[in-house]
Each structure stands twice: as structure tokens, then as C-alpha cells.
Amino acid sequence: MIWNERAETMPRAQLEALQLRRLQDVVRRVSERVPLHRARLAEAHVAPDQIRTLEDVGRLPFTRKSDFRDTYPFGLFAVPLSETVRIHASSGTTGKPTVVGYTANDIKLWAEVCARSLAASGARPGDVFQNAYGYGLFTGGLGMHYGGELLGLVVVPASGGNTERQIMLLQDFGATIIACTPSYALTLAEALEARGIRRGDLKLRYGVLGAEPWTEAMRDEIEQRLGITAVNIYGLSEVVGPGVSNECLEEKNGAHIFEDHFLVEVIDPRTDKQLGPGEVGELTFTTLTKEALPVIRYRTGDIASINPEPCRCGRTFVRMSRVMGRTDDMLIIRGVNVYPTQIEAALVGVAELSPHYQLVVTRDRTLDELDVSIEVNEGFAKQFGGSFTGEEPMVQELTMRCRQRLLGVLGITARLELVPPGKLPRSEGGKLRRVVDNRQVK
Ligand code: DLL
């Protein structure tokens, strides 16, 4: 179902005209109201009335995470604090969080894009929606909550974690759609299986999963084990929170960006130049309608590409690929750039493995070491009574095979250890940290 037909299927020419009007307006607003943007525009010798075409966005200065830190807490706000009705925050690169604010209109806009997301994911008015994103400073819970209410869902504000209670609520309230991180969806699947609750015992049919990177292999696994259709939702606090983009059920192949509110560019992180369709670079957003905290060319750090091909669902918005990594969690190991998701991709298709893995990077004097731990699946472990030492010939053979694949994809050797099911950390409701970089502490 398309929640807002008029907006979501708008002909491109009309959409672009709307984007241009809104872009001109936001540039004018930030230049009048936000000292940092005013100074940056002056430095770049760009006056708001010089924005005459959408391409002119390329003349505007970038905004980065560090700008939030430098103006902490409210320095990027374009309205007086008294006009904001909500504050959220996400973890910053250093001690202080990144703070974002919303006016009453911003909350409406946010509910709108989250309602669109839920509708695209399979929700219909009247459906019971278990919202298992964390409520609080994190944007996931409250963003999806307001979206669910706007769409006319019966919202169950379960919040993140507390798996025992999540299961009880799923059983007793009969949610047909759930929102949570993909890693937590797997935690739930395992917990349900451990209790002997079968897919058919629940009414659950759809999952709106995001807030962290995941892969097609994880989607398959989640869909099978929970008996649902799972789509990807993307967003970030600095732009709005969840609801920047969402996949449609029709193609499940890239998340439609709600372009009437968020203008997207893909930027080459090395040259700062715009890249074209299909080219992989850093997603960069300009908010077109937000009042309290408009951002201009915000460098998300998320690596992805854009697909402008028409979609079967009828939405005219471009689609973004999955996030393939981050410009900043990119690991450089012995001089080689490594994205955690590459490692996952390298091991997809090894039938004996589960999707649970962890990476630990250490430095032994000067040499970086990458330790990859991967859980094998239940079927493989069963042959050894559920546990093994690593000395067994079959385990050794599998370890060698995985090591070869990793070497092929990464170009560097990694120490690889296979572990029995259930040994690695699981999501306890929120985002899962799969990468531990111990080099920084030295
Ligand atoms: O994670 C907002 C959100 C909540 C999105 C619920 C989706 C669902 P932040 O905490 O500010 O906001 O983290 C934003 O998380 O820059 C990405 O690196 C990552 N991220 C978010 N969604 C996805 C996704 C929320 N679908 C950061 N795939 C972003 C991969 C994602 N990474």
C-alpha cells in the first residue's frame, strides 16, 4: 500500500520542481538563522539567490558530524529552543552525543515518512504493530510510534529488549508487523525456537528492520525463521531518524528515499565530487522541509549507491542500495580497507555457517591482526554433539575453506575461528556491535 499516493508517485519533473523550491527555501532559512551555515556559505561565496537549479546543490558547503560536536548542543538549530517540542540524541564520535531537535511540524513530517515506511512494509490501518525499537533518546522508538499511529495501526510500544516480554506480547496481542533491528529479529527467532513456539503459532507477517547494516543472507534467514517478509528501513538522527528511506514489498530491492523531503547525493569520499547512478560513495542528504534542524549536504558516512530505475511499486522515488559500510568504521588492516560487511559477503553461501560473526582487530606491536569468529549452524554442530574443540578434521577443513574465501575477498589473511552456536554476543534489543577495534586503546 502507498500511504501518500500524490507525493510518492509524483512525476519526476514535478518532484524536481518541488525540490528546487524547497531547496531555495532551506538555504535561505539556514543562512538567516544558523551562524555556522551563514559563515560557510560566505566562505564558499554562495548567496541563497544563486541557487537556481537543483544541480546548484553541488555548490553548497558540506555539513559533517564534527559540526554537531563543535556546536553542541543546539548550535545548528534554526529556531529558538522554545519552538522545538522534542530533542533526541545519538552517540557521537567522542563523549558527547549528537543532539537533534524537532518543531511540531517536524514531528508531523517525521510521522508522515514513518507512516509511508510502515505502509510500504506491509502494514494496513487496523493492524497490530509491535514496535521493538528502543524508546528514549534514540529516534527509532518514538519515530516509528508516531508513524504507526498516523497510519492507523494499533501500536504496541514494546521498546527494545526484554525478549521474554516481547514474546508474550507477540502471542497475546497478535502483532502482524514488528519493527526492530535485524540482529534483534534473529535473537527473537532463536528465543521462539528455544521455547518451541512455531512460526504458525504467531500472527506475525512483516518486519521493518534497520538501524544497522545487514545482508540478503540475513534477510533470508530472518524471513524463514520468523515466517515473515522483512524489508529494510534506513535513517539517521541528523536527517530525521527512521523514515529517510524504506524498501517496498513489491521489489525488496533498495529503499525508496522520500525525496520530497530529503535531497540525496552520492559523494566520492576522497574527492568530494558527486557520483552518478550506480556508483558507490557516501550518502549525503539535504533536508528540504525540516524546521528545527535543517541540514545542508550532511555527510552521513554511509557507503551506498543510488538506483533511479522505475520500480514496480509505482513510487517515483530513487532507491538506495543497502549500506555497504561506513567511511568511518571502515577498518584499515595492514593498509587494506576492510568493511565488516565484505567479510559477511565473503562467507555467504558457506552452508555450514550461521549469520553470527564478530571481528576483533588488535595490533601486536606494529602488525594489525584481524580475528574473525563465526558461529557454525546447528546442523553442523550437531555432528559433534553441539560443541567442538576445533581439532576435528571436519572443523579444520571448514576453517580452511572459510579462510581461503576471506583471503580471496579481502586480500589479507585473517585468523578465523569457528565457534558453536550461541557463543557470540546477541543483540539485546538495540544495535549489535560486531566490530571491536582494540588498536585505539594503545
Ligand atoms: O539508527 C535511525 C533508525 C532507527 C533507522 C530505526 C532505522 C530504524 P542513528 O542512531 O542516528 O539513527 O544511526 C544512524 O545507523 O548513519 C547508518 O550507519 C546506520 N543505519 C541506519 N539504518 C540502517 C540500515 C538510526 N537500514 C546510522 N542499514 C546510519 C544500514 C543503517 N545501516
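The values are calculated or read from the model by the stated rules, or taken from the named source; none is laboratory data. Note that this is a predicted model, so its numbers are computed, not measured. Counting neighbours? That spans all protein chains shown, and the Cβs are built from the backbone with ideal geometry, glycine included.
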Of the residues in region 332-343, those that are touching a helix residue (DSSP H, G or I) at 6+ places or on another chain (Cβ under 7 Å) and either among the aliphatic types (A, V, I, L, M) or buried (at least 19 other Cβ atoms within 10 Å of the Cβ) (or both) come to VAL336, VAL338, ILE343
Would you mind listing the helices (runs of 4 or more DSSP H) fully within region 1-68 where at least 1 residues are free of Cβ contacts under 8 Å to residues at least 40 places away in the same chain and surrounded by 14 or more Cβ atoms within 10 Å (Cβ to Cβ)?
12-33, 35-43
Picked from region 192-213 (must be near the ligand (Cβ under 10 Å from one of its atoms) and touching a residue at least 60 places away in the same chain (Cβ under 8 Å)), the residue surrounded by the most Cβ atoms within 10 Å (Cβ to Cβ) is VAL208
Can you give me the number of residues within region 421-431 that are surrounded by 18 or more Cβ atoms within 10 Å (Cβ to Cβ) and within 14 Å of ASN377 (Cα to Cα)?
1
Could you please give the count of residues in region 219-260 that are β-branched (Val, Ile, Thr), part of a strand (DSSP E or B) and under 19 Å from PHE129 (Cα atoms)?
3
Would you mind finding the one in GLU247, GLU238, GLU216 that is at pLDDT below 95 and within 13 Å of the ligand (Cβ to nearest atom)?
GLU216
With (1) more than 30 Å from ALA351 (Cβ to Cβ); (2) in a strand (DSSP E or B) as the list, and LEU142 as the residue in question, which single condition is left unmet?
(2)
Any residue that is surrounded by 18 or more Cβ atoms within 10 Å (Cβ to Cβ) and either of a type in the set (D, E, K, R) or not assigned by TED's automatic domain parsing to the domain that holds GLY134 (or both) - is there at least one of those in region 100-109?
yes
Being within 16 Å of the ligand (Cβ to nearest atom) and among the charged types (D, E, K, R) is the filter here; which residues of region 252-301 pass it?
LYS252, GLU265, GLU282, LYS290, ARG297, ARG299
With ARG434, ARG363, ARG415 as the choices, which residue is of a type in the set (Lys, Arg), surrounded by 12 or more Cβ atoms within 10 Å (Cβ to Cβ) and within 16 Å of the ligand (Cβ to nearest atom)?
ARG434
Step by step: first the residues of region 366-408, then only those that are of a type in the set (Lys, Arg) and out of contact with any Ser or Thr (no Cβ under 9 Å at 6 or more places or on another chain), then the one that is surrounded by the fewest Cβ atoms within 10 Å (Cβ to Cβ). Which residue is that?
LYS382
Selected residue (criterion: farthest from the ligand (Cβ to nearest atom)) from residues of region 112-142 that are without any contact (Cβ under 8 Å) to a residue 40 or more places away in the chain and either more than 23 Å from LEU188 (Cα to Cα) or outside the structural domain of GLY210 (by TED's automatic domain parsing) (or both)
GLY126
Go through region 318-344 residue by residue and tally those that are part of a loop (DSSP other than H, G, I, E, B), within 16 Å of the ligand (Cβ to nearest atom) and not β-branched (Val, Ile, Thr).
7
Residue, farthest from the ligand (Cβ to nearest atom), within region 143-162, restricted to residues that are under 18 Å from the mean Cα position of the chain (by Cα) and touching a residue at least 40 places away in the same chain (Cβ under 8 Å)
SER159
What residue, among those in region 348-361 that are at pLDDT 90 or above and part of a strand (DSSP E or B), is farthest from VAL395 (Cα to Cα)?
VAL361
From the list LEU263, LEU209, LEU204, LEU283, exactly one residue is aliphatic (A, V, I, L, M) and in a loop (DSSP other than H, G, I, E, B). Which is it?
LEU204
Criterion: within 20 Å of VAL100 (Cα to Cα) and in contact with an Asp or Glu (Cβ under 9 Å, 6 or more places away or on another chain) - qualifying residue of VAL240, VAL231
VAL240
What is the residue count in region 290-317 for residues that are in a strand (DSSP E or B) and either without any contact (Cβ under 8 Å) to a residue 24 or more places away in the chain or crowded, with 19+ Cβ neighbours inside 10 Å (or both)?
8
Might you let me know whether region 72-87 holds any residue that is touching a residue at least 24 places away in the same chain (Cβ under 8 Å) and within 11 Å of the ligand (Cβ to nearest atom)?
no
